[in-house]
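A.B. asks: Pasting in a structure now, in structure tokens, and then I'll have a few things to ask.
Here, each number is a calculation from the coordinates, and none is a lab measurement. Every value quoted in this text rests on a predicted model; they were computed, and no experiment measured them. Ideal geometry is used to build each Cβ from the backbone, glycine not excepted, and the neighbour counts take in all protein chains shown.
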Amino acid sequence: MNRVGGANHSKANSGKGEKTAEPSPGMGHQFGAFKGVFTPSILTILGVVMFLRFGWVLGNVGLPLTLLIVVMSCSITFLTALSMSALATNRRIEGGGAYFIISRSLGVEPGAAIGLPLFMAQALGIAFYIAGFSESLTDVFPHWDYRTVALGTLAVLTLIAILSADLALKTQFVVMAAIGVALVSFFLGSPVAPGAGVESAATAAAPRLQPFWVVFAVFFPAVTGIEAGISMSGDLKNPSRALPRGTLAAVLCGFLVYLLIPLFLFWFARTGDGQLDRQLLVDDLLIVSRVARWRHAVVAGIWAAALSSAMGAILGAPRTLQALARDRIVPSVFGRGYGSKNEPRMAMLFSTALALVGLVLGDLNLIAPILSMFFLTSYGLLNVSAGLEQLIRPPSWRPSFKVPWPLSVLGCLGCFAVMLMINAGATVIALVLVAAIYWGMKQRKLKARWGDIRRGLLMQAAQHAIYTLARIGIDERNWKPNILVLSGNPTRRWYLIELAGAISQDRGLLTVAAMVPEKTTSERRIGLEKRLADFLEKQQISGLAKVYGADKPLRGAVKLAVNYGFGPIKPNTLLIGETEHKENYRDFSELICAGWHNNLNMVVVREGETEQALAAGARIDVWWGGQQENLGFMLALAHLLTTSKGWRQGRMQLNTIVENEKAIAGTEEKLREYIAGIRVRAVPSVIVRCRDNLFEQIREHSQGADLVFLGIRHPEPDESVESYADYYAGLLRNTEGLPPAAMVMAAEKIDFSRIFTETAQG
């Protein structure tokens, strides 16, 4: 089993033993909230959509609905930022950003399922931003070659990032200044006269206005910038302080700007009668630069926004890949850090190579919606992580930034709702890819060295279920087998475990127990339980393993059978192999009597006279001797057995013996009606008694059966264990020569016949 995570992230794994690596505090650039979080986040938020699509949004839906789109979009991002802040202040956030947070909360498999697509989105996002910059640049300078500009831009940005992330972030201050100047130029602008739009506007047909959700889908990517700050988490001096402050400040600042822009555009783009000139706004995608005081400043701002987004992706994608490599999700070569600042150069080169492929392919419109889905999926899981942590409230959940769980749940619902609104098909594709990666990680059986929320979530669900079951009790309609198998060495009596597993399947619970001497140390017992559990998993049997200490196995089995379990979650059926050693008859009978007095159903399995082990087969004989309780329990076990994989083609035969031939027709008709009423797949068989010893007839009739169910009587109220031991000895004599047999005693205080009749009537 692979293990992920470790103790030291700063050096390559060169020693013997298990390969582990994990970042230690103090590594990276030690950026603060402003340089490391606010700057990359706000520059990604105030991007090309703001400059090139805000007028189009306003023209399509009008001012009130534009403001509604802004509020809804920013609300989702704000709720996600709140959830991320709570997670960031609960533990040290190291390299990997959203991947690190999700994997340490939900587990390594969900983290990988999001981390890998998130890295791909970040890496190919580099190509998108550079493509946008190159297209706008070649529009201004038509004689420049688009591909040369794109590849040159990628090379320059990568070189800056490789030389120093600090230098890259310093260049972002220049970019932020350029965007600031562009916004000031816009806010100081003047109205544009109707008809003064793009040259083709006068001759173009009036555009068809797009519906609200289509416009919402176009605008929403403008507010998805918090990933840029989270991705730098490993290079922050104090992530738990910097991430909440920087991210929330960026979201609120972006929200303020996005509220002001449509208000100013509405003022600038009015017709002579004071109405909004929608034609102008929809036609002229550069309306922001057209109304600005200094148009060239806005063009420079567009370029700056595209370059800053590309730089944010260049810085973020390699750090996500580096974190994935150090958790053994991808090859460890990408986890190497260089220099005193732990620069992820190998990961950066691979990220650049992917971006290069995107630029060479050129048309990325087909995969663009899917990439957006991965960002939204990571937002949704960040909200899920915070909401579940707050709901479960384990002792380890002590964030200094507290967020009520309903807000996180609302943020999660908003994320997945937006995914469906943007592109339902892309949403399905993204979720299928995430599920496929999750399944692949499960097959690798990665074992993390950090605790995650899954155990706490299961404990919370188990706690609620146990309390509820204890309150409402058990009824026949919802009865399921909870089997305790006393198998001893599982390799010697494997047929017991196999039969119990076929009956319980995944519908009931199964515990396989073995006895060891009472003086066995707890460490050895734990080790034996682990080996037994591994053996069950290898044999594809879903069940628990229990090793119990007792010097006398049968006496110990009595104690275990009576005391094992928790509240209402305790065994209701004990399955055990027969004993033919006369010195054990008393202890064995004591076990059966204890089961009866403690409402524990008994199934005593006798393997048969042949050396062939009990195995799945085609015929199951159920013998009814008149006890209604045993009949219902036997039919329930036989029915469950016929629904298992090995016995699915089996035929159940319900047998009974009558005293004379006159009773055959009536008894057979009653059995047919009974079988039809309970709706089990069985055929009736009525036999006339011809021998004094009924077991001789049973033996003759059941030759060729693969499994025989027989009822055994329960102890009488004042019957001694010795007396029942005599009955057990006679039972063994009478069942000699039978095929494999399950001798059954129903002890639970429920009417097993109603398991079928209640369902049929209901």
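A.B. asks: Any lysines with Cα under 16 Å of the Lys570 Cα? List them, leaving off those in the same chain fewer than 8 positions away.
C.D. replies: The reachable lysines, counting only those whose Cα sits under 16 Å from Lys570, are Lys480, Lys546, Lys559, Lys749.
A.B. asks: Return the sequence-ordered ³J(HN,Hα) values of the range 184-189 in whole Hz as given by the Karplus equation 6.51 cos²θ - 1.76 cosθ + 1.60 applied to θ = phi - 60°, using x for Gly and Pro.
C.D. replies: These are the phi-based 3J(HN,Hα) values: 4, 4, 5, 5, 8, x Hz.
A.B. asks: Which whole-number percent of Cα pairs in the range 473-761 have a distance greater than 33 Å?
C.D. replies: 21 percent
A.B. asks: Take the Cα of Tyr727, step 7 Å along the line toward its Cβ, and report every residue of the range 653-673 whose backbone nitrogen sits under 19 Å from that point.
C.D. replies: Within reach of a label on Tyr727, which here means backbone N under 19 Å from a point 7 Å along Cα→Cβ, the range 653-673 contributes nothing.
A.B. asks: Would you mind calculating the relative contact order of the range 63-150 from Cα pairs under 8 angstrom and at least 6 residues apart, reporting the percent as a whole number?
C.D. replies: Details: 29 pairs, mean separation 11.3, N = 88.
Computed over the range 63-150, the figure is 13 percent.
A.B. asks: In Å, the Kirkwood hydrodynamic radius of the chain over pairs of distinct alpha carbons?
C.D. replies: Numbers: mean 1/r = 0.0322 Å⁻¹.
Evaluated on the chain, it is 31.1 Å.
A.B. asks: Nearest 5 percent is fine: what portion of the DSSP beta bridges confined to the range 518-653 is antiparallel?
C.D. replies: Antiparallel bridges make up about 10 percent of those DSSP assigns within the range 518-653.
A.B. asks: When the chain is fully extended, how far beyond the present Cα-Cα distance does Arg619 get from Val428, taking 0.36 nm per residue of separation?
C.D. replies: Between Arg619 and Val428, full extension yields 64.2 nm more.
A.B. asks: Divide by every residue of the chain the summed helix terms, -39500 (n - 2.57) for each DSSP H run of at least 4, and state the resulting mean residue ellipticity at 222 nm, rounded to the nearest 500 deg cm²/dmol.
C.D. replies: Working: 26 runs with 432 residues, N = 762.
Value at 222 nm, helices only: -19000 deg cm²/dmol.
A.B. asks: Shifting gears a bit: Any lysines with Cα under 16 Å of the Lys538 Cα? List them, leaving off those in the same chain fewer than 8 positions away.
C.D. replies: Those lysines meeting the cut-off are Lys442, Lys445, Lys530.
A.B. asks: Residue by residue, what Karplus-based ³J(HN,Hα) values in Hz, rounded to whole numbers, does the range 55-69 have, using 6.51, -1.76 and 1.60 with θ = phi - 60° and x for Gly and Pro?
C.D. replies: The phi angles translate into x, 4, 4, 4, x, 6, 10, x, 5, x, 6, 5, 5, 5, 4 Hz.
A.B. asks: Would you mind counting up the charge near Trp397? Only other residues with Cβ under 11 Å from its Cβ, with Lys and Arg at +1 and Asp and Glu at -1. Mind showing how you got there, number by number?
C.D. replies: Values: positive: Arg91, Arg393, Arg398, Lys402; negative: Glu389.
Net charge in that neighbourhood comes out at +3.
A.B. asks: Per 0.36 nm of contour for each residue apart, how much would the distance between Lys552 and His296 grow if the chain were fully extended, relative to their Cα-Cα spacing? Don't skip to the end; give the middle numbers.
C.D. replies: Working: separation 256, 0.36 × 256 = 92.16 nm, distance 9.22 nm.
Gain on extension, Lys552 to His296, equals 82.9 nm.
A.B. asks: Okay, next question. Roughly what % antiparallel, to the nearest 5, for the DSSP beta bridges in the range 473-761?
C.D. replies: Working: 6 of 45 bridges.
The antiparallel fraction comes to roughly 15 percent.
A.B. asks: Can you give the % of DSSP beta bridges in the chain that are antiparallel, to the nearest 5? Mind dumping the intermediate values first?
C.D. replies: Details: 8 of 50 bridges.
Bridges in the chain that DSSP calls antiparallel: roughly 15 percent.
A.B. asks: Students often forget the sequence filter, so: which lysines lie under 24 Å Cα-Cα from Lys170 once same-chain residues fewer than 8 apart are removed?
C.D. replies: Reachable lysines: Lys35, Lys237, Lys341.
A.B. asks: Need one number: nm distance between label points at Glu518 and Arg651, each 7 Å from Cα along Cα→Cβ, rounded to one decimal.
C.D. replies: About 5.3 nm separates the two model spin labels.
A.B. asks: Run the numbers on the chain and let me know its relative contact order in percent, using alpha-carbon pairs under 8 Å that are six or more apart.
C.D. replies: 16 percent
A.B. asks: List every residue whose amide H lies under 5 Å from the amide H of Phe709, counting only residues 5 or more places away in sequence or on a different chain, with H placed 1.01 Å from N in the peptide plane.
C.D. replies: Asp621, Val622, Trp623, Ala742
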